[in-house]
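Each remark here refers to the structure printed beneath this line.
The values are calculated or read from the model by the stated rules, or taken from the named source; none is laboratory data. Please read all numbers here as calculations on a predicted model, not as lab measurements. Neighbour counts are summed over all protein chains in view; Cβ atoms, including those assigned to glycine, are modelled from backbone coordinates with ideal geometry. Side chains are part of the model used for accessible areas, which takes the heavy atoms of the whole protein and leaves out ligands, DNA and RNA. Shrake-Rupley method; radii C 1.70, N 1.55, O 1.52, S 1.80 Å.
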Amino acid sequence: MFESKLLDRFTRVHPAVPVIIYLPAIVGLGVLGLTGDGLWDALGLFLLGYAFWTLTEYWLHRIVFHFEPEDGIGARLHWMIHGVHHDHPQDPMRLVMPPSASIPLALLFLGAFWLVPVLGSEHAPAFGAGFLAGYLIYDMIHYHVHHHVPKTRMGKRLRELHMRHHFQDDERGFGISAPYWDRVFGTLPQKRAR
């Protein structure tokens, strides 16, 4: 991607890296949430955080990752962030977001959760744990549908929808781990007529 091997190295990520980074953060935030909210409230906040992630995943993919400037630095940035994945969808080292991008984004979201009055410092940890768990699930599903042949009905369906996004119509199929948002927003990939 870059003439510099050092810069190129920062765009390649082994799929285990998000697990190594985010699983301890999810556990830590979850423990804070349990301590502050108790089991049932923390579980509810965790599930709300997860649901919020799925909606964030859909809109980030649809609006940010598929906004394609015509030229200049914007076009180059788009290609580095998401275009390279569409050009090389089977490259196993370009399927998860590099930590240099995902960590600042995660910190921005977590900071925003702390600032939202209804969450605040009391409820933000459990909500944030659910949000980050959603991100990690998304990353693992995305890797799985590209590099494995799913055995379950749900896995096969997720793979089919995502491959339609890549190879049939990239203006549909933005919810990789949560395709129900594509149904809600009218962007569910369609089978081609024979």
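Against the condition in contact with a Lys or Arg (Cβ under 6 Å, 6 or more places away or on another chain) and on the phi > 0 side of the Ramachandran plot, how does G173 come out, does it pass?
Yes: the conditions hold for G173.
Can K191 be described as over 20 Å from R62 (Cβ atoms), outside any helix (DSSP H, G or I), among the charged types (D, E, K, R) and open to solvent by 50 Å² or more (accessible area, probe 1.4 Å)?
When the stated conditions are applied, K191 passes them.
Return yes or no: is I81 at pLDDT below 65, assigned to a helix (DSSP H, G or I) and either open to solvent by less than 90 Å² (accessible area, probe 1.4 Å) or under 17 Å from I103 (Cα atoms) (or both)?
yes
Please verify whether region 135-156 includes one or more residues that are more than 14 Å from the chain's Cα centre (by Cα), modelled with pLDDT of 90 or more, open to solvent by less than 60 Å² (accessible area, probe 1.4 Å) and farther than 30 Å from G38 by Cβ.
For region 135-156, residues more than 14 Å from the chain's Cα centre (by Cα), modelled with pLDDT of 90 or more, open to solvent by less than 60 Å² (accessible area, probe 1.4 Å) and farther than 30 Å from G38 by Cβ: present.
Under 9 Å between Cβ atoms, which residue pairs at least 6 apart in sequence (or on different chains) link something in region 40-52 that is among the charged types (D, E, K, R) with a partner that is in a helix (DSSP H, G or I)?
D41/G33; D41/H123; D41/A126
Confirm whether L45 is buried (at least 16 other Cβ atoms within 10 Å of the Cβ) and modelled with pLDDT of 85 or more.
Considered against the rule, which asks whether it is buried (at least 16 other Cβ atoms within 10 Å of the Cβ) and modelled with pLDDT of 85 or more, L45 comes out as yes.
Here is a check on your reading of the model: is A106 in contact (Cβ under 8 Å) with a residue 60 or more places away in the chain and assigned to a helix (DSSP H, G or I)?
Answer is yes for this residue.
Exactly one condition in (1) surrounded by 12 or more Cβ atoms within 10 Å (Cβ to Cβ); (2) modelled with pLDDT of 65 or more is not met by V64; state its number.
(1)
Do any residues in region 141-169 that are under 15 Å from W181 (Cβ atoms) and assigned to a helix (DSSP H, G or I) have Cβ atoms under 7 Å from those of residues that are modelled with pLDDT of 90 or more and open to solvent by 30 Å² or more (accessible area, probe 1.4 Å), where the two are at least six apart or on different chains, and which pairs are they?
Once the first residue is under 15 Å from W181 (Cβ atoms) and assigned to a helix (DSSP H, G or I) and sits in region 141-169, its partners that are modelled with pLDDT of 90 or more and open to solvent by 30 Å² or more (accessible area, probe 1.4 Å) give L158/I141.
Go through (1) open to solvent by less than 20 Å² (accessible area, probe 1.4 Å); (2) at pLDDT 90 or above; (3) not aliphatic (A, V, I, L, M) and name the single condition W114 misses.
Unmet for W114, out of (1) open to solvent by less than 20 Å² (accessible area, probe 1.4 Å); (2) at pLDDT 90 or above; (3) not aliphatic (A, V, I, L, M): (1).
Restricting attention to region 177-188, which residues are aliphatic (A, V, I, L, M) and open to solvent by less than 30 Å² (accessible area, probe 1.4 Å)?
A178, L188 - these are the residues of region 177-188 that are aliphatic (A, V, I, L, M) and open to solvent by less than 30 Å² (accessible area, probe 1.4 Å).
Pick from F167, F174: which is in contact with a helix residue (DSSP H, G or I) (Cβ under 7 Å, 6 or more places away or on another chain) and either buried (at least 19 other Cβ atoms within 10 Å of the Cβ) or farther than 15 Å from G49 by Cβ (or both)?
Unique residue meeting the criteria: F174.
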